[in-house]
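The values are calculated or read from the model by the stated rules, or taken from the named source; none is laboratory data. None of the values given here were measured: they were computed from a predicted structure. Reconstructed Cβ throughout: ideal geometry from the backbone, glycine too, with neighbour counts over all protein chains shown.
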Amino acid sequence: MKIQHAFRVVAVLSTLVLFQAIASSVAIADEAPTFSRRLPDSVAAHVTIPDARALRERLPNCSWGRLLSDPLVADFRESLVGQLRAFIDSSVRLPQGVSAKDLLNLDVGEITLTVLKPVGGNLPVVFSIEAAQSADTISGIVQESIAASVEQGWTRSSIEHAGTSITVLTHGKDSVDGSSDDVRAVVLRDGYVVVSNSVDALKQILDRWSGNVQGAFAANPTLGKVQRTTMKPGREPALFWYLDPVGATISILSQGAASNPTAGLALERLPKLGLTSFEGVGGTIDFATGAHDTVTQIAGVVKQPVSAAMALVQFPTSKLAPPAWVPNDVDSCMMLNWDAQSAYSGAEVMADEFLGPGGLANALEVLSTKTDPPVHIKKDVLDGLTGEIMVLQGKARLNAGKKSSTLLAINLKDPRKFERILRQLIDQPGSKAGSRTVGTTTVAVFDGKKSSTHLAVAHDALLVSNDTVLLDNAINGADGDHLVESAHYRQLSASIPAYRSLFSIQRPVNQLEIAYGILKQGGVAVPSGIDLKLLPTFDRIQHHFLPTATWAAPTTDGFQYVSFSLPPAE
């Protein structure tokens, strides 16, 4: 509540962009240094809309923009905008002559939200927005917010740094240098408004304001690798994000290591667990690129060779494709090629760090003697996998009161061996497993309180499902239409590399219909005043939700993940 008026404007300004994107189009401002060139190279997390003006131009041309612009959604959209205007009127103190409508039409460019690595127990957060074309309006809004804070008991002071005045609001200890219990600092410069809970963070940014100073976030080599993988030269994405979770963890533990032995021990174990090889991850979202309707790209930077924890998630490439027996009526099909042997080696390193040499191997030997029939997880299970795993999502049952139907298929080196294990599970005295037969295939059935699990060996794979219809259709794979023969598969797979470590196709209409129905029926809490009854029935807008494909593969620097949907047929 301390900052109820002072900086609520930050959240409001960042949400305005999406509403402007529906109908606005303005000229691109003169090029200035990106804010990443002004940030210090101590970033733990960073999200940016590089150019909200470009976003406003692209969004109406993608499926989500067309949905927002659909006349069937007009009444709901106008109601939502009206609610936002009412929220602004009641929550943001606007300067004289500026209305909520003016704020909704604000011309803004780059928007960023950054979390820096902890310093002295504090977590610096920085928000910036470029609004050179609306500088007077932005300045007025900020000044009114500062005045409202002072009226609420905040103390206002100012600091000069690098030729710029930093306005500091403190709540608690009255301190000009910003070393208060609660601090909010603001800078207005060159059309930017920058807000932070750290005066020192703003000083570091001002020191790099020219964009040409060494030690800036933009020069971070891990960031550069992420950007080269996920960004198209000459085109800014709609949104870019970056995360350095291990670096942030090391920073936190390093600060506490001197006084906290547990923190020091954890810091020492991070390299042994292989976690320090994960250097960072980031990605982009873009719309209406020409070839694609919506594109999401993610790149992770991982130092080679990997060990321990990072070895658990190694996925070598292969010619992954849905088997011919996969039915066409599934909502989604995901395949991945997992290196089970590397995963076991990594798990062994991690377990032995805590259990001592041979700890995991000994534990698995003991565990195998406690199952009936005896099953050794490493020798009987992991060693018998080819590495190819597939997950099918079946049709959701409307008003069925059950979870979505799912089938897991794990390819086997020796299917007959797993058939024998399954038969033993069924036939052993006192077994809780039932059985049924589909054609010549025996299915083991394990009944639970709310659902049952069905296991079978077919198509050289172990099939596990919670849905008899989906499982039986998979076993009888020669009947009906198949996914690989569908137009959606042919269109989407044409844009995917032949060799990949993950591949999936999603047709989200059925799943979204369930969620949409729950939303309209009041199953999800929404802010007061938003009338969900104004939304049209799902069948009238479902054409906006397009099939999507995803693929992933390792790179020399780590891994790449891409998800996309094709433009709708005109």
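Annotations for the structure displayed:
- Residue check, ASP293 of a type outside the set (Lys, Arg) and touching a Pro at 6+ places or on another chain (Cβ under 7 Å): yes
- Filter result (surrounded by fewer than 20 Cβ atoms within 10 Å (Cβ to Cβ) and among the hydroxyl-bearing types (Ser, Thr, Tyr)) within the stretch 289-335: THR289, THR296, SER307, THR317, SER318
- Comparison of GLN255, GLN204 shows that the only residue that is surrounded by 14 or more Cβ atoms within 10 Å (Cβ to Cβ) and at pLDDT 90 or above is GLN204.
- From the list ASP352, ASP339, the lone residue that is at pLDDT 90 or above and either acidic (Asp, Glu) or not assigned by TED's automatic domain parsing to the domain that holds PHE503 (or both) is ASP339.
- The residue list VAL142, VAL187, VAL150, VAL126 contains one member that is within 23 Å of LEU94 (Cβ to Cβ), in a strand (DSSP E or B) and of a type in the set (A, V, I, L, M), which is VAL187.
- So ALA487, is it over 15 Å from SER332 (Cα atoms), surrounded by fewer than 19 Cβ atoms within 10 Å (Cβ to Cβ), assigned by TED's automatic domain parsing to the domain that holds GLN428 and not polar (S, T, N, Q): no
- Residues in the stretch 536-570 that are among the acidic types (Asp, Glu), over 30 Å from LEU223 (Cα atoms) and either in the same structural domain as GLN297 (by TED's automatic domain parsing) or at pLDDT 95 or above (or both): 1 in all.
- Qualifying residue in the stretch 367-388 (condition: touching a strand residue (DSSP E or B) at 6+ places or on another chain (Cβ under 7 Å) and of a type in the set (Ser, Thr, Tyr)): yes
- Residue-level check: of (1) surrounded by fewer than 13 Cβ atoms within 10 Å (Cβ to Cβ); (2) in contact with a helix residue (DSSP H, G or I) (Cβ under 8 Å, 6 or more places away or on another chain); (3) modelled with pLDDT of 90 or more, LEU398 misses just (3).
- Matching entry among PRO233, PRO237 (being crowded, with 20+ Cβ neighbours inside 10 Å, part of a loop (DSSP other than H, G, I, E, B) and not assigned by TED's automatic domain parsing to the domain that holds GLY120): PRO237
- Odd one out for GLY172, checked against (1) under 29 Å from SER42 (Cα atoms); (2) at pLDDT 90 or above: (2)
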